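Data block below; observations after.
The values are calculated or read from the model by the stated rules, or taken from the named source; none is laboratory data. Note that the coordinates shown come from a computational prediction; the quantities given were computed from them, not determined experimentally. Cβ placement follows ideal geometry from the backbone for every residue including glycine, while neighbour counts extend to all protein chains displayed. Just so you know, the surface numbers come from the protein's heavy atoms only, side chains and all, with ligands and any DNA or RNA stripped out. Shrake-Rupley method; radii C 1.70, N 1.55, O 1.52, S 1.80 Å.
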Amino acid sequence: MATDQKLPAGCIGHKSEFLLDNGLPDYEALAGKFIDGDSGLVFNSNKELNAFLFPPEEKKEEQVKS
Amino acid sequence: MAATVTIAESNGAGETVTASITNTNMGSTDAVNLSATTYPITPNSRSYIKYQRFNVQNMGGSSIIDNLKVWRTGSLGTGGTHAHVTNARETSYGGALTYATPVNTAVTGVDQAMPTSEPSGANLGIGGSLSGQITSVGYSDYLGHQITTDASATAGSSSTMNYQYDETA
């Protein structure tokens, strides 16, 4: 008579992530990207305001004008 | 051949069922496989509750799926008090949770602390009972779970939800 065989337990794992909205920018996700089209502020991955607030071309134009 | 088991999730007022989820991220909207970055939780509020089920899509020649266990591996975030609440429990199981349009407020019966290690026994039922069995294509009871935060919370976290079952060939 055949008997039921217990197989190894199956286990499914899924990532469970949540983030908090503290009103601060997500620096990691914004690294290298503009967060505001008007101000052109860019943050690097060290959460520091990037030194280049404007594209190099625009800086040259401002220098010429002055 | 082993049974085919996935985790299904239900969302929306009309209960849209996704047969197999790719993540169980918790956030500020009712959506399956959501992006935590896109839907962060405001401190002092809850995430939208998740309604999920073990989904036996194919018995694969096996006769029984039972002894369902769920738990989380990994800590919650920092800065304040976070909690991960659920209806899953090894004792005094409250019977099958009824699906309702997911909300980001407290849900009756979803008030147990999610285990952080494998429970000694089943903590999610089948047919309203921890000793229930799935013997053909079908679902377990709903697993309801949700994140709660307080005003002092400053960071979230990334952890792993484990969904385990026994299979008898």
**Request:** Give the relative contact order (percent, whole number) for the stretch B:94-169; include only Cα pairs under 8 Å separated by 6+ residues.
**Result:** 31 percent
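Leaving out ligands and nucleic acids, and using a 1.4 Å probe, what accessible area per residue does the stretch B:74-130 come to in Å²? Intermediate values should be presented prior to the final figure.
Values: 2700 Å² over 57 residues.
Solvent-accessible surface per residue comes out at 47 Å².
Kindly identify the stretch B:63-120 as rounded, prolate or oblate by the Cα gyration tensor criterion: order the square roots of the eigenvalues as a ≥ b ≥ c, call it rounded if a/c is under 1.5, otherwise compare a/b with b/c, prolate if a/b is larger, else oblate.
Because a/c hits 1.5 or more and a/b fails to exceed b/c, the stretch B:63-120 counts as oblate.
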**Prompt:** How much of the accessible area of the stretch B:15-135, probe 1.4 Å, is carbon plus sulfur, in whole percent?
**Reply:** 46 percent
**Fill in**
Ordered by number, the residues of the stretch B:24-70 that have at least 40 Å² less accessible area in the complete protein assembly than on their own chain alone (1.4 Å probe) are B:N25, B:A36, B:T37, B:P40, B:I41
**Message:** Can you give me the distance in nm between label points at A:K15 and B:E118, each placed 7 Å from the Cα along the Cα-to-Cβ direction?
**Reply:** 2.5 nm
**Message:** For chain B, what does the relative contact order come out to in percent, with C-alpha contacts under 8 Å and a separation of six or more?
**Reply:** 33 percent
**Asked** If each of B:S35 and B:T154 carries a label point 7 Å out from its Cα toward its Cβ, how far apart are those two points in nm?
**Response** 2.7 nm
**Request:** At a probe radius of 1.4 Å, figure out the B/A buried accessible area, summed over both chains, and give it in Å² to the nearest 100.
**Result:** 2700 Å²
**Request:** Take the alpha carbon atoms of the stretch B:15-70, find their center, do the same for the stretch B:74-118, and report the distance between the two centers in whole angstrom.
**Result:** 13 Å
**Residue-span extension gain [B:T22 to B:N58] - 0.36 nm each, minus C-alpha spacing** = 11.1 nm
